[in-house]
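What follows is a short report on a single structure.
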Amino acid sequence: MEQNDPLSKLIRAAGRREPVPAEARARVHAAAHAEWQRASRRRSVRRWSLWLGSTVAAGLMVGLLLAFVRGNSTDLSIASVAFVEGRPFSGQDALSMGGKIQKGSVVSTGQQDRVALTLSGGQSLRLDRNTRVKFISAEQMVLEAGAVYADSNSTPAAPKAPLEIRTDAGIVRDIGTQFEVRRQDGGLRVRVREGSISLEQSSAKTEAKAGEQLSAAAGSALVRSALAPDHPDWQWASSCAPAFELEGAPLPKFLEWAAREQGLKVEYASSTVRDAAAVKLHGSMQDMTPQEALDAVLPASGLSYQIRSGVLTVSQER
């Protein structure tokens, strides 16, 4: 049956085939090997691309996770320490320069302690001795004991949201100001040095402006009285003011800061003195009060000053 198969007959008729020349075999082998190498390279590239893509994706995921963690941890920091006197605490931790205050922290001072904080919005908040404050946020806090001094205009970057200081006797909100809130006699006292504040008690709201104070002992009516911005009672707040960055600062800017920290206005004895004051300063005034800084900086600039009736007058040194 096989002998009669047409295909078998055709093959027998063709006779014995000549062997394939060695040169032809070599060319075919080389071409096949080259194609195999190209295919292998394509498979390798695909595998490498897949691996690289997975690596990049994993890297992006790690980066996003780290950014998320960093962002969330940063959000919890609502203030930094700008001045320390004695040994104030945040919870169980002693505070030091540059230390961070977290949302929900309780900061306390003892009989020999004061601390100044720079809030995340740029405002300055200073705690007097024997004070205890709980921080709800960078704008809201509870004064549980003692006194705080707030300067919501301490930097141009201060936010529009008002500071809110809560007590059992009322809630104080600033309206662009320097002010003090103190717990005393089971009640409350609020002093305004610059700008104005509002005091909310139950359903009543009272405002006070610069040079005024509101006070009420427990169970007593609110009493309004006067207190000058340069009154000695403000000295405790000036004594723990964060240091002014002196290096490279214009002298008029320094004078403006030193005067404002003491409730004063700046005047120049003459236009010649004003021109002479237009210089840049160098050095550091770390650990100096505004008053001490004036005593050090002005003589070094060939100038002198006097304070009278709430005005700091600058003149040429004789």
Qualifying residue in the stretch 257-267 (condition: out of contact with any helix residue (DSSP H, G or I) (no Cβ under 9 Å at 6 or more places or on another chain) and free of Cβ contacts under 8 Å to residues at least 40 places away in the same chain): no
Qualifying positions in the stretch 220-229 - in contact with a strand residue (DSSP E or B) (Cβ under 8 Å, 6 or more places away or on another chain) and either closer than 14 Å to F179 by Cα or not aliphatic (A, V, I, L, M) (or both): S220, R224, S225, A226, L227, P229
Exactly one condition in (1) in the same structural domain as G170 (by TED's automatic domain parsing); (2) out of contact with any strand residue (DSSP E or B) (no Cβ under 7 Å at 6 or more places or on another chain); (3) more than 25 Å from P88 (Cα to Cα) is not met by V279; state its number. (1)
Test: E247 is free of Cβ contacts under 8 Å to residues at least 40 places away in the same chain, not assigned by TED's automatic domain parsing to the domain that holds L119, not small (G, A, S) and not in a helix (DSSP H, G or I): yes
Output the number of residues of the stretch 116-131 satisfying the condition of being aliphatic (A, V, I, L, M) and in contact with a Lys or Arg (Cβ under 7 Å, 6 or more places away or on another chain). 2
Kindly list the number of the only condition in (1) surrounded by fewer than 19 Cβ atoms within 10 Å (Cβ to Cβ); (2) assigned to a loop (DSSP other than H, G, I, E, B) that fails for D233. (2)
Would you confirm whether any residue within the stretch 279-293 is without any contact (Cβ under 8 Å) to a residue 12 or more places away in the chain and surrounded by 16 or more Cβ atoms within 10 Å (Cβ to Cβ)? no
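The values are calculated or read from the model by the stated rules, or taken from the named source; none is laboratory data. Bear in mind that the values here come from a model prediction, so they are computed numbers and not experimental data. Note that each Cβ is placed from the backbone with ideal geometry, even for glycine, and that neighbours are counted across all protein chains shown.
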